[in-house]
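Visitor: Have a look at this one.
The values are calculated or read from the model by the stated rules, or taken from the named source; none is laboratory data. Values in this document were obtained by computation on a predicted structure and should not be read as measured data. Here the Cβ is made from the backbone with ideal geometry for all residues, glycine too, and neighbour counts use every protein chain on show.
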Amino acid sequence: MVNRFNYKNEQRRVWVANASFKSMKLSFIVQSWRGRCTAACRQTSLKYFFPILILISFVAVLLVDSFTPASAQLPRQEIRGVWMTTNDFDTLKSRAKVQDAVSELRRLNFNTIYPVVWNSGYVMYPSDIAQRAGIQPFVYKGLDGHDILEDLITQAHHKGLLVIPWFEFGFMAPPTSELALNYPDWFTQKRDGSQTSISAGGEVMWLNPFHQQVQEFITNLVLETVTQYDADGIQFDDHMSLPYEFGYDQYTIALYTQETNNPPPSNPQDEAWVQWRADKITAFMVQLNQAVKQRKPQAIFSVAPNYYDFAYKFHLQDWLSWMRQNIVDELIVQVYRPNLQSFVGYISRPEIQEAQQIIPTGIGIMTGLRNNPVSMQQIKSQVRAVQERGLGVSFFYYESLWNDALEPLNERQAGFETLFPSPALRAKNE
C-alpha cells in the first residue's frame, strides 16, 4: 500500500519537473516574441493573451495545491457503524424490523453495519463447513425461515450502507458447544491443565490458534462467508487472540520445542514466549488475509481489538504488526470507558494516530448493556471527542441505541440526530 502511494507521489514530482521545464520554454518563447514584435503588436496581443495567462495561473495553483504528500492522499472514509449482536436477534429475524432498522440508520447518517455471524461456536447462516464439522448448520433463522444475513445485506445495500459480517467469538467457544465436544484436541490449555477462562461471553474454552486444523476450519468459515454473500468484508475483534495463560497443550509444546530446542517457559508472561505465540497468530492472520483477498479482492479486512498494550500483553494480539504488514483495511479500537478523561487518553494514543494516517480508523463506543444503560450525554461527549480527532465511530450495540436506555425513545433518537448532521456514505473497497 505504502509503495503504491509513494509511486503516485513520484509521478507528481515528475509532473512538476516537466511543468517547470515547460515554463522555462514558455519564458524563452515570450522573450523571443518580445524581440520580434513591435510595441503596438505586443499591446494588441496582450489584450488577448492576458485573460488566458490568468486562467493558466489559476489552474496551475489548484493543481499544485492538490499535490500534497502521499500520506495525505490516503482514503479517509469516516466510519459510522453499529454492531448487531445476538441480543439484536428480535430485530434480525424479522424482515419488517430489519427494513425499519436500516431505514432509521440511513436517516441518522450511519454508513456501516457489523452483524455477528460467529458466536458461541455456531454460525448464523446455513453453512456447509459447519455441517461437515458436525455443528448445527443453521441455528438462527428468520420468522419465515429466511436467511437473516442475506436479508440484512440486501436491505442495507438498497439504502447505501455497507455490511461487514463480524466473527465475534474468534477462537472462543463455550465448553458445552458441539465444537468443544467433538474436537477436544483443537483446544489449548493453561499450564495447570485447566481449559477455560471467564470472558464477557461467560465461561469459554479457546481454540488453539497454532493448530493447523483449527486454522483451516476458521479460514474455511471466513471464505464461505465472503463467498456465499455479497458482504463488503469481514471483521475480527479482540477474541481473534489467545489469553496469555494458554498455550501449554501438547501440540503447542511440541511445536515450540521443535523450533527453539527448549520447552515453553513456566512463566506465561515470559517476553520471548509471548512474542513467539503472538508472531504465530500474526502469521495466521497474514495467511487469512491473503486467502480472503484471493477469493474477494475488494473485501474489507476489518479488525476491532482492544487498545494495543492490553491486546498484546494479555491476549497475544499484535494488531499493530498486522497493520504495519498492510493486512488491515480498517481499524476500530474498542474503548468502553465511562470516564471521559480516561476515554480521551486511550483514543489519543500514538498507535491510533499512526493508524489513521494509513487506513479508516474508528473508536468503539459503548451505548449500553441490558443491565448497564449508558446516558445520551456520555455518548455525545465521547463522539465529540472522537470527531475532534478525525476518527470514526462504531457503537456497541444496535438494540442499546434506542432501548434499555435511560432516556425515552424519542429523546434518545433526537440525541443521535445531532451526532451525524450530514451524510457520509462509504464507497466499496477497491
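Visitor: For residues that are crowded, with 19+ Cβ neighbours inside 10 Å and among the hydrophobic types (A, V, I, L, M, F, W, C), scanning just the stretch 366-375, find the one that is farthest from the chain's Cα centre (by Cα).
Guide: Residues of the stretch 366-375 crowded, with 19+ Cβ neighbours inside 10 Å: 366-368, 374.
Narrowing further to those that are among the hydrophobic types (A, V, I, L, M, F, W, C): 366, 374.
Details: 366: 17, 374: 24 Å.
The extreme case among them is 374.
Residue-wise test of (1) farther than 28 Å from residue 81 by Cβ; (2) without any contact (Cβ under 8 Å) to a residue 24 or more places away in the chain.
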position	(1), (2)
172	no, no
175	yes, no
188	yes, no
200	no, yes
203	yes, no
226	no, no
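Visitor: Has the stretch 174-183 got any residue that is among the small types (Gly, Ala, Ser), modelled with pLDDT of 95 or more, within 26 Å of the chain's Cα centre (by Cα) and in a helix (DSSP H, G or I)?
Guide: No, because not a single residue in the stretch 174-183 is among the small types (Gly, Ala, Ser), modelled with pLDDT of 95 or more, within 26 Å of the chain's Cα centre (by Cα) and in a helix (DSSP H, G or I).
Visitor: Test residue 248 against the criterion of being in contact (Cβ under 8 Å) with a residue 24 or more places away in the chain and of a type in the set (Ser, Thr, Tyr), and give yes or no.
Guide: yes
Visitor: Any chance the stretch 344-365 includes a residue that's more than 25 Å from residue 318 (Cβ to Cβ), loosely packed, with under 14 Cβ neighbours inside 10 Å and free of Cβ contacts under 8 Å to residues at least 24 places away in the same chain?
Guide: No, every residue in the stretch 344-365 fails to be more than 25 Å from residue 318 (Cβ to Cβ), loosely packed, with under 14 Cβ neighbours inside 10 Å and free of Cβ contacts under 8 Å to residues at least 24 places away in the same chain.
Visitor: Related question: Kindly provide the set of residues from the stretch 233-255 that are aromatic (Phe, Trp, Tyr), under 12 Å from residue 277 (Cβ atoms) and surrounded by fewer than 22 Cβ atoms within 10 Å (Cβ to Cβ), ordered by number.
Guide: 244, 248
Yes/no per residue for (1) β-branched (Val, Ile, Thr); (2) out of contact with any Leu (no Cβ under 8 Å at 6 or more places or on another chain):
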| position | (1), (2) |
| --- | --- |
| 267 | no, yes |
| 271 | no, yes |
| 291 | no, no |
| 300 | yes, no |
| 309 | no, yes |
| 324 | no, yes |
| 335 | yes, yes |
| 343 | no, yes |
| 346 | no, yes |
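Visitor: Oh, and also: So which helices (runs of 4 or more DSSP H) stay within the stretch 292-401 end to end and still have 2 or more residues that are among the β-branched types (Val, Ile, Thr) and modelled with pLDDT of 95 or more?
Guide: 340-347, 376-388
Visitor: With the requirement that a residue be more than 22 Å from residue 89 (Cα to Cα), part of a loop (DSSP other than H, G, I, E, B) and of a type in the set (S, T, N, Q), what does the stretch 402-428 give you?
Guide: Result: 418, 422.
Visitor: Still on this model: Scan the stretch 186-201 for residues that are over 13 Å from residue 247 (Cβ atoms) and surrounded by 13 or more Cβ atoms within 10 Å (Cβ to Cβ) and jot them down.
Guide: Of everything in the stretch 186-201, those that are over 13 Å from residue 247 (Cβ atoms) and surrounded by 13 or more Cβ atoms within 10 Å (Cβ to Cβ) turn out to be 186, 196, 199, 201.
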